[in-house]
1. Residue under question is C:Gln461, and the condition is that it be in contact with a strand residue (DSSP E or B) (Cβ under 8 Å, 6 or more places away or on another chain), more than 16 Å from ligand 2 (Cβ to nearest atom), at pLDDT 95 or above and under 22 Å from C:Leu204 (Cβ atoms); does it hold?
2. On the basis of being assigned to a helix (DSSP H, G or I), modelled with pLDDT under 95 and open to solvent by less than 50 Å² (accessible area, probe 1.4 Å), does C:Gly607 make the cut?
3. With the requirement that a residue be of a type outside the set (Lys, Arg) and open to solvent by 50 Å² or more (accessible area, probe 1.4 Å), what does the range C:336-352 give you?
4. Of all the residues that make up the range C:230-261, how many are out of contact with any helix residue (DSSP H, G or I) (no Cβ under 9 Å at 6 or more places or on another chain) and hydroxyl-bearing (Ser, Thr, Tyr)?
5. Inside the range C:141-152, can you point out the residues that are part of a loop (DSSP other than H, G, I, E, B), out of contact with any Pro (no Cβ under 9 Å at 6 or more places or on another chain) and within 14 Å of chain B (Cβ to nearest Cβ)?
6. Would you confirm whether any residue within the range C:194-207 is closer than 28 Å to C:Asp479 by Cβ, open to solvent by 30 Å² or more (accessible area, probe 1.4 Å), more than 14 Å from chain B (Cβ to nearest Cβ) and not aliphatic (A, V, I, L, M)?
7. Report, by residue number, each residue of the range A:34-54 that is open to solvent by less than 60 Å² (accessible area, probe 1.4 Å) and either under 11 Å from A:Ile136 (Cα atoms) or basic (Lys, Arg) (or both).
Amino acid sequence: MLVQKILTRNPKAELYYDLVELFTGIALVGFLWTHMVFVATILLGSDLFNTLSKSLDDYYLSYVGIPIIVLIFLMHILSAGRRLPTRYQEQKIIWRHAKMLKGTDTWVWVFQTITGAAIFALASIHMFVVLTGWPITATTSAGRIEAFWWFYLVLLLLGEYHAGFGIYRQFVKWGWFPRKPLGYVSKVITVIILTLGLAALWVFLQLGGA
Amino acid sequence: MSTRKFSIFRYNPNTPEVKPFMQEYTIEEPPGMTIFVALNKIREELDPTLMFDFVCRAAICGSCAMVINGKPRLACKTLTGDLKGTVTLMPLPVFKLIGDLSVDTGTWFRHLSVKTKSWIHSSKEFDPNAIEDRMDNETALEIYEAERCIECGCCIAGCVTANIREDFLGAAGINRVARFMVDPRDERSKKEYFEVIGSDEGAFGCMGLMACDDNCPMQLPLQMQLSFVRRKMVSFGLSAK
Amino acid sequence: MSNYTTIVSDVLVVGAGLAGERAAIEAASQGLDVIILSLVPPRRSHSTAAQGGCQASLGNCAMGSGDNTDVHFADTVKGSDWGCDQEVARLFVETAPKAVRQMSMWGVPWNRVVAGKKVLPDGREAEDPKEKEGLITARDFGGTAKWRTCYTSDGAGHTLQYAVDSVVIKLGITVHDRTEAISLIHDGENCLGVVARCLKTGELRIYLAKSTVIATGGYGRLYGASTNAVINEGNGMAIALNTGIVPLGNMEAVQFHPTGMVPVWILITEGARGDGGYLLDKNHHRFMPDYEPKKKELASRDVVSRRMIQHIRKGHGVDSPYGPHLWLDIRHLGAKHINTNLREIANICKNFNGIDPVNALIPVRPTQHYSMGGVRTNIDGYVYGLKGLFAVGEAACWDLHGFNRLGGNSLAETIVSGWIVGKKVAEYTLGAPELNHSYGLIQGFAKVQQERINNLIAGKQGKENVYSLRKEMEQTLMDYVGIFRNGPDLQKAVDNLRELYHRSLKIGLISNGKGANPELSTCLRMPGMLRLALCISYGALTRTESRGSHAREDFPKRDDVNWLKRTLAYWKEGSDLPDLQYEPVKITELPPGDRGYGEASASSAEGKKQN
Ligand SMILES: Cc1cc2nc3c(=O)[nH]c(=O)nc-3n(C[C@H](O)[C@H](O)[C@H](O)COP(=O)(O)OP(=O)(O)OC[C@H]3O[C@@H](n4cnc5c(N)ncnc54)[C@H](O)[C@@H]3O)c2cc1C
Ligand code: SF4
Ligand code: SF4
Ligand code: FES
């Protein structure tokens, strides 16, 4: 603990952490949503999906993009995770607090930490699986999803939840929007993305079954 | 007349052998009864040992905050008629418990003032024979808007960060700094403000859960103030050498 | 063997309201070691509840132009019905503008002059000139010839207390909050400090200092219906009185505020009327102009309160389960004005009565509000009878207010007298000899208190219930020592209170009295409170005239021949009534005359008819 204290003595460390959390968060949300849009191209047919995947590959976007995303992902975990209660004592306080004080936003945060931790685990697995089965095609994806549809369903829900509320909280924190309508806006976005995602999942399932 | 049941947290740190417990009381409920009236009635008629704090009983002094049915509220301005069923009263978390519903907010807030150096930093000497420095009325109103905080602690009690981080200054602390930042009489530099609040104890510790904004009985625009300070701190932090 | 923690400092200030903290700052900035004691954290003191404002003759706003210290002086003396000390009043009005400007430097965001034409609520027009823009502005308050009350929206007391406390914190002055002084320590000549009880643990402690300052505020809560905070029980006055050598001045002078909100008695600030609010009766008739054609709702508080009761007695009050009341109407000021300048009032109405003053009438009745009387001091704040003891603020009878205080003069008094007396305290302390007194004497004072506590817990003296005694005291004062007073009622009050006083010596605890037991706290205060109540009612019974807020139906005229004097109430040990003595009131500039409003005034309605 002492070491950490000394290390964070840089008076601006916490400012940078906070900015890193913000920008990596935004980047990840951006990535997640583009990723979902790409995935959703399956709705327009396997050909389009395959072409897209191949062109990303051809122009080396995947080879540059994936490591960057992994890096951003890790940075996000480090900066946002600094707030995670590490000690059992603290975790107990939070649970007691959330139970005693009825604040919806507190529960949102509790779920945020849980979903964050879960995404870390699941997304790593996903990435491992995808990378070992390179390249991405409609057929391999469909096969994967058919076998592990429940895995992807969980990851999808967690990811969307975490991203939706994460972005809501950032906007609130930085005061870019007044609070109440923002909650509404972020929920709307979440619903749209979820619908897209579920639809894609469904199409993959159809493909896999075919 | 109808009656009302109260379930009240009891614990006295001076007698640690008696473990904390919830005690129930039932009293008559005349129309327009506030928790202030109810608690005094309980003390005078049922249990003279019950500890709680009231001073102004008019939502001005900030003494009487407690957790009422799960929400941090000023007890003096809470009408029992607005609550459903049994009224559950707990002391505010975060603050040191003095006994039952009474907590030591005074020490906490003095610490806050010391930490944030909550006084006008000015190099001017007071000249009793000079007229006052001018100030725009709009500026005066803006300062007052932030100065309205009554240090009740509701925003602190409801804040997860304040509950896990002992040194977190909470919305009240960040709002306090905002009060001085908009005050032209305060000559502090960007760097000095940054040192006071540009850390996880202050602006960057806040996770934006806005329990504070929901709970402030003075309806201070806390979300606005928190984000104002956060943005200022980023610009101060990035610009100051 | 000493089992009491003993804490020594140069200066001990009992009370962390505006007056106490202001005095402490003055002493501390002279390098003295100062400790402040308070029942509650400083920022929760009753001073924060003052909403209206603070008088100082800056003369910046259009309606205040031409104001100066002489006008302020005349208003104050007339307001006091010539009961105040004119040297003190002069010193006060000269210092008030400086004090207000100093507060501005310390951070009070006083509202400022905005240039331009404005239409006042009564239709008059005023224009604030460009050259005054940005200076401290003022609002109208009762009993003043000019607009002189400086304010910060609806939070004058709050912002003043926060500013003063910020300086206390800056200077690092020690504050022991939740600590109650329960007895002075003295050797018959010098005050040596206090015995205090910790309200967190119940522990008794001894505080010793070269000088002790009583700044404990008023005693409003002796009355059942009071605008005061629940901690305003007059403890500081009581411990001074208990010495037997220190007198309380003019305790019969009790101010009633015209507009306490029924039924919770929370104050609706005078700012509401100052900004143009009306008083209406049950027929929605605006009756004040009938009685006071000139000042209308803005005559001094004692006059407005009496006119209201007079009007209610004529049968024009609105009946309610809490007794008859009148209405305060601010609807015509408009939602914008109400929700910004009078926001606190709007909140109070909503939270405690469920009404919105933008479109509803506010039920009001005169309510106990301020104690003009208190620990008698000279112009430097030195308490009569004991060296090294000072008093400031509402707890003191410096005698700025005589028999009626002007609204806004009390906040001003706290910062002015805190400043002046604080300086005198510092001066005295710097020249005072080292603390040197008998150990046994000091321990003795603590032991007396310990014994009281033991007896209360054991129920040794009896089993009287403190809460029922208290209720009876409150009711007695309400019923017989209110706005209008008369011989038979006052006699009844004195008799009742005497009996209650004897019973208060036989109180026994119901609970075990362990630790910071709240019942024990009340029990310890009860006999002192009854003594104060007796000083008030016995003083009122004896004063056979009407002056300011002291209105005797059987002696309706002011009597300057016999009563141009100040009551000094002493409490001799073993007695059950105060010993009343009198001293002359100093008249230096303005000889007794007509106030220009009120029953005796030539300009009031009845008066007019006669000429
Ligand atoms: C509702 C209301 C509104 C008002 N509005 C105005 C206004 O607009 N303008 C104006 O000029 N005046 C106003 N007044 C009057 C004015 O607020 C008070 O007279 C003034 O603030 C008193 O200040 P003080 O410092 O003397 O006492 P307080 O502020 O009452 O402080 C007393 C202090 O003494 C402490 N104390 C008391 N007993 C003990 C003890 N035994 N041991 C230790 N500490 C103790 C308390 O904890 C407290 O800190 C108003 C009063 C009320 C009731
Ligand atoms: S927004 Fe910040 S200060 Fe307010 S409750 Fe949340 S973490 Fe605490
Ligand atoms: S910001 Fe609001 S909730 Fe927090 S202490 Fe101040 S008044 Fe209370
Ligand atoms: S008692 Fe003062 S805010 Fe409730």
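The values are calculated or read from the model by the stated rules, or taken from the named source; none is laboratory data. The shown structure was predicted, so the numbers you read here are calculated from the model rather than taken from an experiment. Glycine gets a Cβ as well: all are built from the backbone with ideal geometry, and neighbour counts include every protein chain shown. For accessibility, only protein heavy atoms count, side chains too; no ligands or nucleic acids. Shrake-Rupley method; radii C 1.70, N 1.55, O 1.52, S 1.80 Å.
1. Values: in contact with a strand residue (DSSP E or B) (Cβ under 8 Å, 6 or more places away or on another chain): yes; more than 16 Å from ligand 2 (Cβ to nearest atom): yes; at pLDDT 95 or above: no; under 22 Å from C:Leu204 (Cβ atoms): yes.
Against the criterion (in contact with a strand residue (DSSP E or B) (Cβ under 8 Å, 6 or more places away or on another chain), more than 16 Å from ligand 2 (Cβ to nearest atom), at pLDDT 95 or above and under 22 Å from C:Leu204 (Cβ atoms)), C:Gln461 does not qualify.
2. Values: assigned to a helix (DSSP H, G or I): yes; modelled with pLDDT under 95: yes; open to solvent by less than 50 Å² (accessible area, probe 1.4 Å): yes.
Considered against the rule, which asks whether it is assigned to a helix (DSSP H, G or I), modelled with pLDDT under 95 and open to solvent by less than 50 Å² (accessible area, probe 1.4 Å), C:Gly607 comes out as yes.
3. If we filter the range C:336-352 for residues that are of a type outside the set (Lys, Arg), which is where we start, we get C:337-342, C:344-349, C:351-352.
Selection gives C:His337, C:Asn339, C:Thr340.
4. Residues of the range C:230-261 out of contact with any helix residue (DSSP H, G or I) (no Cβ under 9 Å at 6 or more places or on another chain): C:243-245, C:249, C:260.
Checking the rest, the ones that are also hydroxyl-bearing (Ser, Thr, Tyr) come to C:243.
So the count comes out to 1.
5. Pass one, the range C:141-152, residues part of a loop (DSSP other than H, G, I, E, B): C:141-148, C:151-152.
Narrowing the set further to residues that are out of contact with any Pro (no Cβ under 9 Å at 6 or more places or on another chain) leaves C:141, C:143-148, C:151.
Across the range C:141-152, the qualifying residue is only C:Tyr151.
6. Narrowing the range C:194-207 to residues closer than 28 Å to C:Asp479 by Cβ: none.
Within the range C:194-207 (the criterion being closer than 28 Å to C:Asp479 by Cβ, open to solvent by 30 Å² or more (accessible area, probe 1.4 Å), more than 14 Å from chain B (Cβ to nearest Cβ) and not aliphatic (A, V, I, L, M)), the answer is no, since none of the residues qualifies.
7. The answer is A:Val39, A:Phe49, A:Asn50, A:Leu52, A:Ser53.
Residue-wise test of (1) part of a loop (DSSP other than H, G, I, E, B); (2) within 16 Å of ligand 3 (Cβ to nearest atom); (3) in contact with a Gly (Cβ under 6 Å, 6 or more places away or on another chain).
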{"position": "C:Asn347", "(1), (2), (3)": "no, yes, no"}
{"position": "C:Asn359", "(1), (2), (3)": "yes, no, no"}
{"position": "C:Thr367", "(1), (2), (3)": "no, no, yes"}
{"position": "C:Arg376", "(1), (2), (3)": "no, no, yes"}
{"position": "C:Asp380", "(1), (2), (3)": "yes, no, no"}
{"position": "C:Gly385", "(1), (2), (3)": "yes, no, no"}
{"position": "C:Phe390", "(1), (2), (3)": "no, no, yes"}
{"position": "C:Arg405", "(1), (2), (3)": "yes, no, no"}
{"position": "C:Ser410", "(1), (2), (3)": "no, no, no"}
